[in-house]
Amino acid sequence: MIASDESAMQDLLRALPAITETDLSALHDALAVSAAAEGLLDVAYRTLDTPVGTLLLAATDGGLIRVAYRIEDHDKVLENLAKRLSPRILYAPGRLDVAARQIDEYFAGQRRSFDLPLDLSLSTGFRRAVLSHLPDIGYGHTATYAAVAAAAGRPRAVRAVGTACATNPLPVIVPCHRVIRADGSFGGYLGGPAAKRILLELEAA
């Protein structure tokens, strides 16, 4: 009797229509829309292929909160966002369409500044003060760590500026890649030296 029931169940399952990737994508999109409508989507994310590798983009209702290089480990970045912000995180690329388009335009040489709402809540204190001054370094220009420290009101805090740049949650958008050493060398960069070189050469062109 049990074998007969199992056979009938297998026949029933085989009779079900196959679920395609398109079907799954549509279901996921519907879930994202529903979660957002019901206030259950605190952090939306997507990925974007760029000349500096695949970037992870994440946004809250307040704006873009995270841009992460693959070298940072996207899974770990999402885990950290879940701990610091909310576990209600969902792949919902629609919320990030404008950010993705502007980043594409930037890498295509069609955009020199970003017009996006930013959520800077992942940075506090002096680090946040540093980030607020970085957009003042114009496209195609650079500034030394010492100059940024002075602009942020703490001329001696050169090392702290380096730390702020190294922990910038919004690289590319908040241009820490434009901060260089006093001798003209690049210095460190969150996305690695190759990424920094690509960004500076893009803007220099």
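The values are calculated or read from the model by the stated rules, or taken from the named source; none is laboratory data. In this text, all values refer to a predicted model and were calculated from it rather than measured experimentally. Neighbour counts are summed over all protein chains in view; Cβ atoms, including those assigned to glycine, are modelled from backbone coordinates with ideal geometry. SASA here: full protein model, heavy atoms, side chains in, ligands and nucleic acids out. Shrake-Rupley method; radii C 1.70, N 1.55, O 1.52, S 1.80 Å.
Here are a few things to note about the model shown:
- Set of region 135-156 residues, backbone N closer than 18 Å to the point 7 Å along the Cα-Cβ line of D183: 143-147
- Within the accessible area of region 53-205 (1.4 Å probe), percent carbon and sulfur: 50
- Take every pair of alpha-carbon atoms less than 8 Å apart whose residues are at least six positions apart; their mean separation over the length of region 125-204 yields a relative contact order of 32 percent.
- Electrostatic bookkeeping for R128 treats Lys and Arg as +1 and Asp and Glu as -1; over the other residues with beta carbon under 14 Å from its beta carbon, the sum is +1.
- Computed from phi, the 3J(HN,Hα) profile of region 85-93 under the Karplus parametrisation 6.51, -1.76, 1.60 (θ = phi - 60°) reads 10, 5, x, 7, 10, 8, 5, 9, x Hz, with x in place of Gly and Pro.
- Under Karplus coefficients 6.51, -1.76 and 1.60, residue-wise ³J(HN,Hα) of region 116-127 in Hz, glycine/proline x: 9, x, 10, 9, 9, 5, 7, 10, 9, x, 5, 4
- Per residue value of the accessible surface for region 125-204 (all protein chains in place, 1.4 Å probe), Å²: 46
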